[in-house]
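We did not get these values from a lab; they are worked out from the coordinates using the rules stated. The structure presented is a predicted model; accordingly, all values stated were derived computationally and were not measured. Cβ coordinates were reconstructed from backbone atoms using ideal geometry, including for glycine residues, and neighbour counts include every protein chain displayed.
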Amino acid sequence: MVPVITIIIVNYKTPQVTVDCLRTIFDHTTNISFEVIVVDNASGDNSRQIICDSFPVVRWIQMSYNAGFARANNEAIRQSDSEIVLLINSDTLNENNAIGETFGLFRSSSYVACGLQLLHADRSPQISGNFVILGGLNHLLPLPYIGNFIKTLGNIAGVKKTNIPLAEITMEVDWINGAFLMVKRVAIDKAGLMDEDFFLYAEEAEWCSRLQKVGKLCIYGQFNVIHLEGQSANKEFGSSGKGYYNLYDRKGLQIMLSNFVRIRKQFGVFWYLFQLLVFTFAVPVYMLLGIVQNLFTARKPFHHFAAALGFAANVGRVWTYLPAIILNKPYFYKVI
């Protein structure tokens, strides 16, 4: 009997985190026929033994290299036959039959993809659904000083918000956080799989832009899961930051590069070049205004220079990918 939903988890060197996630799935998912596939991105540890000993029923797919998010999930989608697939991060904790309840509404709806409300460990809301902004200009918001200036202008002009801070009912969105992304196979057959140029970050946004051409997307705000956010990626990149505002270390480079790739693919060469120039302009702005701010706040003038130099180095690295991004030919944008 083919299960009606396939739940896909990508594991990379976090077997206990994945086991915790699986336990909440099997303990709190009822009234639906489902299978779970764990895709391992060449962890090189005892992940398979720990996970499969704890949950022998899971299907295991072993990748031969660290394939990232898109390629690993795509492989599981190819090897499954269910009518709906759920991509869910290993660092999520499910409760109150969230998967089953979401599936029940989604399966009978006209939506082609959905998410639910993600919560931090302290149960505060986490951004789960987002809106597309002209040219992907929301990617400028994390820029030091320039980002705050853009936010201020946007608030004055009454520009719509780029996301839903908290969803409590069903709300239509343009793209869904990949930590919990449920998609109908009929939509995948039309839109295609995730773009395998991406290693980590922004792949779900680009995918949702193609899924949206097939049908509507939504967030079921009445259901939620806990998302611990970034445990595997932070360990691999040697980073401690959460979210997408860290642009100063190796994780920041991957975030920056993936966002530029997404902008090129979704919005075209003009918007990609425009934003690359803004990022470049932000380097001296950060250097100079940082000094001014430090003086006014009684800190050492160059207190910010470590982060500023990291940001400048990342922008410089992104420039080296210019030909590949403009040509938009197949290329694996992986920085580790």
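Using Cα pairs closer than 8 Å and at least 6 residues apart in sequence, work out the relative contact order for the range 125-192, in percent.
50 percent
Any chance you could give the angle, 0 to 90 degrees and rounded to 10, that helix 269-296 forms with the longest Cα principal axis of the chain?
Orientation of helix 269-296: about 60 degrees from the principal axis.
Could you check the spin-label model distance between Ser124 and Leu327? Points 7 Å from the Cα along Cα→Cβ, value in nm.
4.5 nm
Mind listing which trypsin sites (Lys or Arg not before Pro) in the range 262-311 are in a DSSP loop and have 14 or fewer other Cβ atoms within 10 Å? Present the calculation step by step, with values, prior to reporting the outcome.
On the way: sites: Arg262, Arg264, Lys265, Arg299; in loops: Arg299.
Hits after loop and neighbour filter: Arg299.
Starting from the Cα-Cα distance between Asn155 and Tyr65, subtract it from 0.36 nm times their residue separation and give me the gain in nm to one decimal.
On the way: separation 90, 0.36 × 90 = 32.40 nm, distance 4.47 nm.
In short, 27.9 nm is gained.
Kindly put Glu204, Glu95 in sequence by how many other C-beta atoms sit within 10 Å of each C-beta, fewest to most.
Ranked by crowding around the Cβ, least crowded first: Glu95, Glu204.
So how tilted is helix 68-78 from the main axis of the chain? Cα-based, degrees 0 to 90, rounded to 10.
It is inclined by approximately 30 degrees.
For the chain, modelled as a Gaussian network with Cα springs under 10 Å, which listed residue fluctuates most, Gln254, Gln117, Gln275?
Gln275
Given a Förster radius of 56 Å and the C-beta distance between Tyr245 and Ser33 as r, what FRET efficiency does 1/(1 + (r/R0)^6) yield to the nearest 0.05? Before the final figure, lay out the partial values.
On the way: r = 40 Å, r/R0 = 0.72.
So, using R0 = 56 Å, E works out to roughly 0.90.
Could you name the lysines in cross-link range of Lys329, using Cα to Cα under 27 Å and dropping any fewer than eight places away on the same chain?
Cross-link targets: Lys190, Lys213, Lys251, Lys265.
Assigning unit charges at the beta carbon (Lys, Arg +1; Asp, Glu -1) and nothing else, what dipole magnitude in debye, to the nearest 20, does the range 246-327 show about its Cα centre? Before the final figure, lay out the partial values.
Numbers: 8 positive and 1 negative charges, 35 e Å.
Its charge dipole is roughly 160 debye.
Express the relative contact order of the range 246-327 as a whole percentage, based on alpha carbon pairs under 8 Å and six or more residues apart in sequence.
Working: 60 pairs, mean separation 34.8, N = 82.
In percent, rounded to a whole number, it is 42.
Express as a percent, rounded to the nearest 5, the fraction of DSSP beta bridges in the chain (both residues included) that run antiparallel. Don't skip to the end; give the middle numbers.
Values: 20 of 43 bridges.
Once the DSSP bridges in the chain are tallied, antiparallel ones form about 45 percent.
Expected output is a single nm value to one decimal: the length gained when fully extending between Val4 and Asp81, i.e. 0.36 nm times separation in residues minus the C-alpha distance. What is it?
Details: separation 77, 0.36 × 77 = 27.72 nm, distance 0.85 nm.
Between Val4 and Asp81, full extension yields 26.9 nm more.
Taking all pairs of distinct Cα atoms, average 1/r, flip it, and tell me the Kirkwood hydrodynamic radius of the range 1-86 in Å to one decimal place. If you can, show how the numbers build up before the last one.
Working: mean 1/r = 0.0768 Å⁻¹.
Evaluated on the range 1-86, it is 13.0 Å.
Please list the equivalent ellipsoid semi-axes of the range 246-327, computed as the square roots of five times the alpha-carbon gyration tensor eigenvalues, in descending order and whole angstrom. Kindly include the intermediate steps, with their values, before the conclusion.
Numbers: eigenvalues 160, 30, 16 Å².
Equivalent ellipsoid semi-axes, largest first: 28, 12, 9 Å.
Hey, got the dipole for the chain? About the Cα centre, +1 on K and R Cβ, -1 on D and E Cβ, debye to the nearest 20? Write out the running numbers ahead of the final one.
On the way: 29 positive and 26 negative charges, 217 e Å.
Computed about the Cα centre, the dipole is about 1040 debye.
As a footprinting exposure proxy, order Trp319, Trp60, Trp175 by other Cβ within 10 Å, with the fewest listed first. Walk me through the intermediate numbers first.
Working: Trp319 10, Trp60 16, Trp175 24.
Arranged by neighbour count, lowest to highest, Trp319, Trp60, Trp175 become Trp319, Trp60, Trp175.
Can you give me the Kirkwood hydrodynamic radius for the chain, using every pair of distinct Cα atoms, in Å to one decimal?
Numbers: mean 1/r = 0.0480 Å⁻¹.
In the chain this quantity evaluates to 20.8 Å.
Computed FRET efficiency, Cβ-Cβ of His303 and Phe274, R0 25 Å: what is it to the nearest 0.05? Display every interim value, and only then the final one.
Details: r = 31 Å, r/R0 = 1.24.
It comes to 0.20.
Roughly what angle does helix 15-28 make with the longest principal axis of the chain, taking Cα atoms, 0 to 90 degrees, to the nearest 10?
So the helix axis and the longest Cα principal axis differ by about 50 degrees.
Please rank Arg317, Arg250, Arg78, fewest neighbouring Cβ atoms within 10 Å first, as an exposure proxy.
On the way: Arg317 14, Arg250 17, Arg78 9.
With the fewest neighbours first, Arg317, Arg250, Arg78 line up as Arg78, Arg317, Arg250.
Could you grab the relative contact order for the chain? Cα pairs under 8 Å, six or more apart, rounded to a whole percent. Working shown, then result.
On the way: 606 pairs, mean separation 61.7, N = 336.
Result for the chain is 18 percent.
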